[in-house]
Each structure stands twice: as structure tokens, then as C-alpha cells.
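> Submitted below is the structure of interest, expressed as C-alpha cells.
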Amino acid sequence: MRLELREVVKRYRSGTETIRAVDRVSLTVAPGELVALYGPSGSGKTTLLLTAGAMLRPDSGAVLADDRVISALPESKAAAFRRDNIGFVLQSFHLMDSATIADNAAIKLVLAGMPPRRARRLVRPWLERLGLGERHAATPARLSTGERQRVAIARALANDPKILLADEPTGSLDADRSRDVLRLLRDLTRERALPAIVVTHDPEAAEVADRTLVLRDGRLTDAGTLPRPVGSGTGP
Ligand SMILES: Nc1ncnc2c1ncn2[C@@H]1O[C@H](COP(=O)(O)OP(=O)(O)O)[C@@H](O)[C@H]1O
Ligand SMILES: [Mg+2]
């Protein structure tokens, strides 16, 4: 799939003030392309991602998946589109603490009508790729934050998404795990020809990304001012 944002504007009103969280952003992400999106806190990264994934409706502009306008769908159709097409790794994981890790990862499949046993079987390889295979029957209460984050990633991938959107997916992971997860996302993006946007503070993400963009005050700039990761950019 190809994901396209055309002149997207998203405002929030608080009291008498209006914030342009996303300010005329145009961006096309090709099938198989992974875009790393950097930007200071409050620059609109999460809002951009939610708008790209049809969770928020833009005030103006449009979001297209292939040539279908997904930003103007009524909520019921937008929900179905998200369920069938979008893998979201949200900043807050919202795991169900009383369900097992496998059931958490399988929730979208079960909600879409798949028998739970089959859904658990399907998510097992994802849990294994994310280093959680041994713990599939545990509940999230016993997991570290990094492990919870990986369950959320497995959940995002379980419905075989056509578009991947991840909001700081490695924010709670140590450096090694973070590199593994970024490479997994990159490999998956290529294997399945998904467009992917990964919001991150991780300099490592620039290394695996096909393209790096920076958001400032809701506006997209190129990566000209991106700080170089330590130890790179000094070679011959
Ligand atoms: N639900 C909301 N209501 C009002 N303002 C919001 C809301 N969500 C975000 N904002 C504001 O929009 C701007 C962009 O926020 P956000 O997209 O969360 O940025 P980032 O993810 O880069 O930190 C910030 O000024 C933030 O305070
Ligand atoms: Mg954010």
C-alpha cells in the first residue's frame, strides 16, 4: 500500500486558543518504505500519526491509502479500515492486565471474529520474534515496561497490517532490544511492502530508516538539522 498525506491540518482548541498541531503536512510513504519521524515534544508527532491512521480526522487536507481517501470516512467505516489495515503501536500500551500475553496480542483478531484458540496460535510467531515466546501464558502484570512494549508491538502486527504506524515503539527498551525491534519493523516493512512511519527519539532509527523527517511546530522539515548519532558520521 501507499500512504499519502495531502496538506493535512489538525487543530486543537483549548479555551480561547487554537493550536495547529499539524500544519499543512504533505508526505507520501511508498510501499516498503520506512520513515523515521523525529521532533521535539509537542511538535505534533502523535497527532500526525493518529491522523495518518484515521483515528483523528483532519480539519483540512486528506489522507489517502493507495487512492482511497480514508480521512473522510464515517467513524464506523474508519474503524473497520483501521481494524483491517492499520498496525498501530501507540505510546500508551493499554494492555489487559487480567488476560495472558497471547490473548493481549491476539485481541484484534478475536474482536474481528476469529476463534481465540486460532488467534493465539497465529500470534505465537510474533511473540517469538519479539522474544516473548516463553512468556505467552503469563499476564502483563509480571512484565517489565520493555516487555509490555513488545506485547503492544506483537498486538499491532497480529492483524497482518497493510500500514504500520508506531509512536516511540522503542521508548522503553534498552539499546540492544531497541535495535532488534527497529530491525524487525524494517524487515517487515520491506517483506510486506508496507508504508511505515516510526516516531522516535532513537538515533538508531535513522540508521534503519529509508528516510528521516523532522517535525517542528506541526511542520515537516527535512533531516538537515537532525543530531548525528554518537559514533557515526565521522568515518572516511
Ligand atoms: N487532545 C488534545 N487537546 C488539546 N491539545 C492537544 C491535544 N493533543 C495534543 N495537543 C497539543 O498539540 C500539540 C502537539 O501534540 P502531540 O501531537 O502530542 O505532539 P508530540 O507527540 O510531538 O509530543 C501540543 O501543543 C499539544 O499540547
Ligand atoms: Mg507524542
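Only the coordinates and a few stated rules stand behind these numbers; no lab work does. Model, not experiment: these values are computed from the prediction. Positions of Cβ are backbone-derived with ideal geometry, glycine not excepted, and every protein chain shown enters the neighbour counts.
> What is the distance in Å between the Cα centres of the range 155-184 and the range 18-64?
18 Å
> Also: Okay, helix-only estimate at 222 nm for the chain: each DSSP H run of n ≥ 4 adds -39500 (n - 2.57), divide by all residues, round to 500 deg cm²/dmol; what do you get?
Here the helix-only value at 222 nm equals -10500 deg cm²/dmol.
> Contour minus end-to-end for Ala30 and Tyr12, with contour as 0.36 nm per residue of separation and end-to-end as the Cα-Cα distance?
Once the chain is fully extended between Ala30 and Tyr12, it gains 3.6 nm.
> So if I place +1 on the C-beta of Lys and Arg and -1 on the C-beta of Asp and Glu, and nothing else carries charge, what would the dipole magnitude of the range 83-225 be about its Cα centre? I want it in debye, nearest 20.
660 debye
> Would you work out which of Gln149, Asn159, Thr170 lies farthest towards the positive end of the dipole of the range 148-221? Charges go on Cβ: Lys and Arg +1, Asp and Glu -1.
Among Gln149, Asn159, Thr170, the one farthest towards the positive end of the dipole of the range 148-221 is Asn159.
> Given the options Asp67, Asp217, Asp202, which has the most mean-square fluctuation in a GNM of the chain, springs set between C-alpha atoms less than 10 angstrom apart?
Of Asp67, Asp217, Asp202, the Gaussian network model singles out Asp67 as fluctuating most.
> Also, I was wondering about something else. Given Cβ point charges of +1 (Lys, Arg) and -1 (Asp, Glu) and nothing else, what value in debye, to the nearest 20, does the dipole of the range 65-144 about its Cα centre take?
Computed about the Cα centre, the dipole is about 300 debye.
> For a protection proxy built on the mean count of beta-carbon atoms within 10 angstrom, sort 85-95, 51-61, 14-24 highest first, please.
So the order, starting with the most tightly packed, is 51-61, 85-95, 14-24.
> Okay, moving on. Toward the positive end of the charge dipole of the chain, about the Cα centre and with charges on Cβ (Lys, Arg +1; Asp, Glu -1), which of Met96, Gly32, Ala112 goes farthest?
Towards the positive end, the residue furthest out is Ala112.
> Write down the percent of antiparallel bridges among all DSSP beta bridges whose residues are both part of the range 106-228, to the nearest 5.
Here the antiparallel bridges make up roughly 50 percent for the range 106-228.
> Go through the range 99-108 residue by residue and turn each phi into a ³J(HN,Hα) via Karplus (6.51, -1.76, 1.60, θ = phi - 60°); whole Hz please, and just put x for glycine and proline.
Couplings: 9, 6, 4, 4, 5, 4, 5, 8, 4, 5 Hz.
> Using modelled amide H (1.01 Å from N, peptide plane; none on Pro or chain starts), what sits under 5 Å from the amide H of Asp59, excluding residues fewer than 5 places away?
The answer is Val9, Lys10, Arg11.
> Suppose we keep just the DSSP beta bridges with both residues in the chain; what percent of those would be antiparallel, to 5?
Beta bridges within the chain, antiparallel portion: roughly 55 percent.
> Next up: Order the peptides 25-37, 71-83 from the highest to the lowest mean number of other Cβ atoms within 10 Å of their residues.
Going by the mean number of other Cβ atoms within 10 Å, highest first, we get 25-37, 71-83.
> Additional query: How far apart, in nm, are the 7 Å Cα→Cβ label points at Ser76 and Asp180?
For Ser76 paired with Asp180, the spin-label model returns 4.4 nm.
> Whole-Hz Karplus ³J(HN,Hα) for the range 127-137, in order, using 6.51 cos²θ - 1.76 cosθ + 1.60 and θ = phi - 60°, x for Gly and Pro?
Per residue, the Karplus-derived 3J(HN,Hα) values read 4, 5, 4, 9, x, 10, x, 5, 9, 4, 9 Hz.
> For labels at Arg211 and Asp84 in the simple 7 Å Cα→Cβ model, what's the distance in nm?
About 2.7 nm separates the two model spin labels.
> Express in whole angstrom the spacing between the alpha-carbon centres of the range 122-143 and the range 196-224.
Here the two parts' Cα centres lie 29 Å apart.
> Could you tell me which of rounded, prolate or oblate describes the range 1-129, using a ≥ b ≥ c as the square roots of the eigenvalues of the alpha-carbon gyration tensor, with rounded for a/c under 1.5 and, failing that, prolate when a/b is larger than b/c and oblate otherwise?
In terms of gyration-tensor shape, prolate.
> Once R0 is set to 35 Å, what does the formula 1/(1 + (r/R0)^6) return for the Cβ-Cβ distance between Arg142 and Arg219, expressed as a FRET efficiency to the nearest 0.05?
Result of the calculation: an efficiency of 0.25.
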